[in-house]
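One structure below.
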Amino acid sequence: MKYIIFLYSFIRKQKAALVLAIVFTVVAALAEVLFPFLVQELVNTLLKDKLILSFSFNELIASLIAVSLLIVISHAIIIWMQTINASELSYNMRKSLVDSFLSFPYHITRKFHSANLAFRIKNDTYLVSDRIRDLYSEFLYDTLSIIGPFIAMALIDIKLAVLAFMMVCLMTLISKPITNRVAVYERILQIYNSRLTGVIQESLSWIKSVKIFNSEESEKKRINNANTKVKNVERITGLFMSLSIPLGFFAQLASTIAVLWYGGLLLMDGTINLGNFVAAFTYEQLMSDSIKRYSNHLNKFASLKSLLDRVFELLGAYQPNNRKQSKPVENGSANAIDINVKKFSYNDRDTLFRDMNISIQKGERVLIVGDNGQGKSTIFDIVTGLTPLNEGYVSIFGEVLDNPDSQRWLQKFGVMSQQTQIIKGTLYDNLHIANTESTREEMISALIQAGGSELLDKLKDGLDSYIDEKGSSLSGGERQIIGLARLYLKTPEILLFDEPTTYLDNSKINSFAESLNNIVRGKTVLMISHDPRVFRLAERVIRIDKGKIAFDGPLQEYMGQARTN
Ligand SMILES: Nc1ncnc2c1ncn2[C@@H]1O[C@H](COP(=O)(O)OP(=O)(O)O)[C@@H](O)[C@H]1O
Ligand SMILES: [Mg+2]
């Protein structure tokens with residue numbers, strides 16, 4: 001039921017299309033039963049046998065044409081309405097997944113592999129709409145195309161109808177296991193094929209290392225293994241197909257022969273007439289096509305259910321916690337930043353921080369030090385709310401963070417990490433994201449303050465210069481200049497710098513530190529840096545070691561200690 005409600009919510013707006021598709025499915029199924037009936041009447045007219053309708057020959061031919069047209073038109077309408085519904089469904093489902101993912105907090109989205117997620121969003125929604133297209137119309141159509149011909153045949157002779165039905169079901173059951181095997185191997189073949197593509201793609205993406213380490217031969221072997229698997233599965237698939245297709249023919253022929261045999265006996269002893277006999281034969285054909293497709297429908301129901309479960313799993317990856325979204329809690333502190341961690345771990349095994357309290361006053365500039373992996377960068381993510389705390393709280397200017405990933409909260413921070421992320425587009429686009437209200441003049445001025453005069457001269461189209469998606473047309477230093485310019489445009493209250501000079505040439509660090517010196521003035525700053533030209537801008541040092549604060553004091557004192565050690 002929850003599946004139906006879920007699916008219906010996506011095509012609600014196309015009720016008319018849904019209704020039309022269903023109505024015309026019923027019409028088409030009825031028309032297809034009507035056709036053999038008219039043939040029966042036609043044969044009986046020709047043989048001057050007893051008629052149910054008293055139509056003339058010409059009237060019957062005209063009716064046959066009309067019914068044919070009805071069948072053709074109904075199918076055209078069904079397919080078109082299905083398309084409208086299926087495209088609406090997959091469009092809305094994709095939209096809802098994308099919208100959810102973009103509004104999920106960062107710590108949830110981060111858990112997903114981006115390429116995998118993109119593939120699931122594209123593929124699962126397509127498959128769902130494809131299954132739905134099959135199900136709501138073809139399933140209905142086939143159900144009607146079993147019941148309709150069965151009743152029509154039963155009206156001719158009930159035993160004949162039961163015999164035809166039983167034979168078709170029996171024959172379908174016999175060939176089903178093999179047909180299912182074919183479907184399974186076709187699926188496996190798909191998987192192996194995409195693995196092969198993956199392996200080739202991987203090898204090509206690290207081709208430089210392949211050359212440097214002389215590993216061409218082992219790469220060839222790896223690709224060839226994947227290639228061999230594809231060949232083998234193709235053969236097995238073909239083998240099962242060579243069994244299943246003839247078996248299908250056999251099933252069809254065997255049930256037809258049964259109907260011809262029993263129908264013939266009934267015709268000979270005069271229970272039915274020739275018109276009935278011809279019609280019964282056609283009904284059997286209709287019924288057998290639909291019964292054969294029925295097992296596919298059942299498989300598709302199962303596959304639809306598991307696809308929808310996957311979609312639910314994606315949508316349910318994050319349940320917003322509305323309980324806490326009340327008004328901001330004041331903790332009364334006048335500090336710029338208060339971090340109070342009872343216990344923090346990324347997973348349940350390793351505790352990264354335990355009983356750690358950090359208070360930073362407005363306007364303080366603090367250097368965070370500690371060995372690699374002690375959690376310096378994690379502190380930044382906790383302060384910005386990107387990584388939620390399960391035990392403890394963070395507050396800025398006395399306000400406690402109550403829901404992760406809050407826009408309003410992130411607005412207060414300016415963050416710069418080792419490498420500034422460049423987005424695909426122009427320099428303008430890259431600055432626009434920092435503050436959508438800033439003017440071109442403000443952008444130029446921010447760039448100049450960030451030390452980007454040379455960069456501006458270099459780019460021929462100024463702000464409208466196109467920057468490569470990966471930023472490959474920019475040096476590490478130029479990227480950081482853009483990062484700084486963004487901070488100038490955003491004007492946040494708190495600045496966070498996480499090793500901003502890692503990818504800078506030594507010769508560029510002096511001028512970068514100078515720009516940094518300008519921007520940090522009067523701001524509350526947390527920084528992580530190994531370069532004295534940068535960290536001398538701090539006045540206080542906090543050293544983290546094994547989840548605790550191992551030092552907290554003036555920079556001078558820390559430097560003195562470091563020298564004596
Ligand atoms: N998203 C994450 N998921 C799980 N573990 C993480 C994640 N980010 C960092 N870690 C782990 O937490 C520890 C601290 O990382 P980090 O804060 O980056 O340290 P630092 O910046 O001091 O080098 C490391 O052991 C790291 O592997
Ligand atoms: Mg780090």
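Just checking, which of SER507, SER511 is small (Gly, Ala, Ser), assigned to a helix (DSSP H, G or I) and either outside the structural domain of ALA450 (by TED's automatic domain parsing) or open to solvent by 80 Å² or more (accessible area, probe 1.4 Å) (or both)? So that I can check it myself, show each step before the final result.
Values: SER511 fails: either outside the structural domain of ALA450 (by TED's automatic domain parsing) or open to solvent by 80 Å² or more (accessible area, probe 1.4 Å) (or both).
On inspection, the qualifying residue turns out to be SER507.
Which one of GLU454, GLU499, GLU399 is open to solvent by 40 Å² or more (accessible area, probe 1.4 Å) and in the same structural domain as GLY373 (by TED's automatic domain parsing)? Quick ask: steps written out before the conclusion?
Details: GLU499 fails: open to solvent by 40 Å² or more (accessible area, probe 1.4 Å); GLU399 fails: open to solvent by 40 Å² or more (accessible area, probe 1.4 Å).
The unique qualifying residue is GLU454.
How many residues, within the stretch 457-478, are on the phi < 0 side of the Ramachandran plot, under 34 Å from the mean Cα position of the chain (by Cα) and open to solvent by less than 30 Å² (accessible area, probe 1.4 Å)?
Residues meeting the conditions: 4.
Exactly one of these conditions fails for GLN419: (1) out of contact with any His (no Cβ under 8 Å at 6 or more places or on another chain); (2) over 30 Å from THR378 (Cβ atoms). Give me its number.
The one condition GLN419 does not meet is (2).
Yes or no, residue by residue, for (1) modelled with pLDDT of 95 or more; (2) within 30 Å of THR271 (Cα to Cα); (3) not hydrophobic (A, V, I, L, M, F, W, C):
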{"residue": "THR45", "(1), (2), (3)": "no, yes, yes"}
{"residue": "LEU51", "(1), (2), (3)": "no, yes, no"}
{"residue": "LEU69", "(1), (2), (3)": "yes, no, no"}
{"residue": "PHE104", "(1), (2), (3)": "no, no, no"}
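When the stretch 330-352 is examined, which residues are found to be within 11 Å of ligand 1 (Cβ to nearest atom) and assigned to a loop (DSSP other than H, G, I, E, B)?
We begin by selecting, within the stretch 330-352, every residue within 11 Å of ligand 1 (Cβ to nearest atom); these are 344-347, 349-352.
Within the stretch 330-352, SER345, TYR346, ASN347, ARG349, ASP350, THR351, LEU352 qualify.
If ARG440 passes every condition in (1) within 16 Å of ligand 1 (Cβ to nearest atom); (2) at pLDDT 95 or above but one, which one does it miss?
(1)
I need the full set of residues from the stretch 335-393 which are of a type in the set (Lys, Arg) and within 16 Å of ligand 2 (Cβ to nearest atom), in order please. Break it down into steps so the answer makes sense when it comes.
Narrowing the stretch 335-393 to residues of a type in the set (Lys, Arg): 342-343, 349, 354, 362, 365, 376.
The answer is LYS376, and nothing else.
In the stretch 321-345, how many are at pLDDT 90 or above and among the hydroxyl-bearing types (Ser, Thr, Tyr)?
1
How many of the residues in the stretch 537-548 are under 19 Å from GLN361 (Cα atoms) and either at pLDDT below 95 or open to solvent by less than 30 Å² (accessible area, probe 1.4 Å) (or both)? Don't jump to the end; show me each part of the working.
In the first step, residues of the stretch 537-548 are kept if they are under 19 Å from GLN361 (Cα atoms); the result is 537-544.
Checking the rest, the ones that are also either at pLDDT below 95 or open to solvent by less than 30 Å² (accessible area, probe 1.4 Å) (or both) come to 537-538, 541-542, 544.
Summing the residues that are under 19 Å from GLN361 (Cα atoms) and either at pLDDT below 95 or open to solvent by less than 30 Å² (accessible area, probe 1.4 Å) (or both) in the stretch 537-548 gives 5.
Taking the options ALA66, ALA86, name whichever one is without any contact (Cβ under 8 Å) to a residue 12 or more places away in the chain and not β-branched (Val, Ile, Thr).
Going through ALA66, ALA86 in turn, just one is without any contact (Cβ under 8 Å) to a residue 12 or more places away in the chain and not β-branched (Val, Ile, Thr): ALA66.
Can you name the residue in the stretch 193-230 that is open to solvent by 60 Å² or more (accessible area, probe 1.4 Å) and closer than 30 Å to ALA302 by Cβ and is also nearest to the chain's Cα centre (by Cα) among such residues?
Going through the qualifying residues, I end up with SER194.
Only one of (1) at pLDDT below 90; (2) over 29 Å from GLY547 (Cα atoms); (3) under 39 Å from the mean Cα position of the chain (by Cα); (4) buried (at least 16 other Cβ atoms within 10 Å of the Cβ) is not met by TYR318, so which one is it?
(2)
Just the residues that are charged (D, E, K, R), open to solvent by 50 Å² or more (accessible area, probe 1.4 Å) and assigned to a helix (DSSP H, G or I), please, taken from the stretch 23-61. Write out each step before concluding.
Start the filter on the stretch 23-61 by keeping residues that are charged (D, E, K, R), which leaves 32, 41, 48-50, 59.
After this cut, where a residue has to be open to solvent by 50 Å² or more (accessible area, probe 1.4 Å) as well, the list is 48-50, 59.
GLU59, the sole residue that qualifies.
Using the structure shown, decide if ASN517 is away from ligand 1 (no atom under 16 Å from the Cβ), polar (S, T, N, Q) and under 24 Å from ILE542 (Cβ atoms).
Values: away from ligand 1 (no atom under 16 Å from the Cβ): yes; polar (S, T, N, Q): yes; under 24 Å from ILE542 (Cβ atoms): yes.
Judged against the criteria, ASN517 is a match.
Would the stretch 486-498 turn up any residue that is within 15 Å of ligand 2 (Cβ to nearest atom), more than 23 Å from ILE467 (Cβ to Cβ) and not β-branched (Val, Ile, Thr)?
Initially, the stretch 486-498 is screened for residues within 15 Å of ligand 2 (Cβ to nearest atom), giving 496-498.
Narrowing further to those that are more than 23 Å from ILE467 (Cβ to Cβ): 496.
Among the residues that remain, those that are also not β-branched (Val, Ile, Thr) are: 496.
Yes: one or more hits.
From the set of residues in the stretch 373-411 that are more than 14 Å from ligand 1 (Cβ to nearest atom) and acidic (Asp, Glu), which is nearest to LYS343 (Cα to Cα)?
Checked the stretch 373-411; the qualifying residue nearest to LYS343 (Cα to Cα) is GLU391.
For the stretch 262-277, name all the residues that are open to solvent by 50 Å² or more (accessible area, probe 1.4 Å) and of a type outside the set (D, E, K, R).
Within the stretch 262-277, the first condition is being open to solvent by 50 Å² or more (accessible area, probe 1.4 Å), and the residues that meet it are 265, 267-271, 274.
Result: LEU265, LEU267, MET268, GLY270, THR271, LEU274.
Is it the case that some residue within the stretch 25-45 is more than 20 Å from ILE151 (Cβ to Cβ), in contact (Cβ under 8 Å) with a residue 12 or more places away in the chain and acidic (Asp, Glu)?
no
The values are calculated or read from the model by the stated rules, or taken from the named source; none is laboratory data. Keep in mind that what you see is a predicted model, and the values were worked out from it rather than measured. Note: ideal-geometry Cβ built from the backbone for every residue, glycine included; neighbour counts use all protein chains shown. Remember, those area values only see protein heavy atoms, side chains included, never the ligands or the DNA or RNA. Shrake-Rupley method; radii C 1.70, N 1.55, O 1.52, S 1.80 Å.
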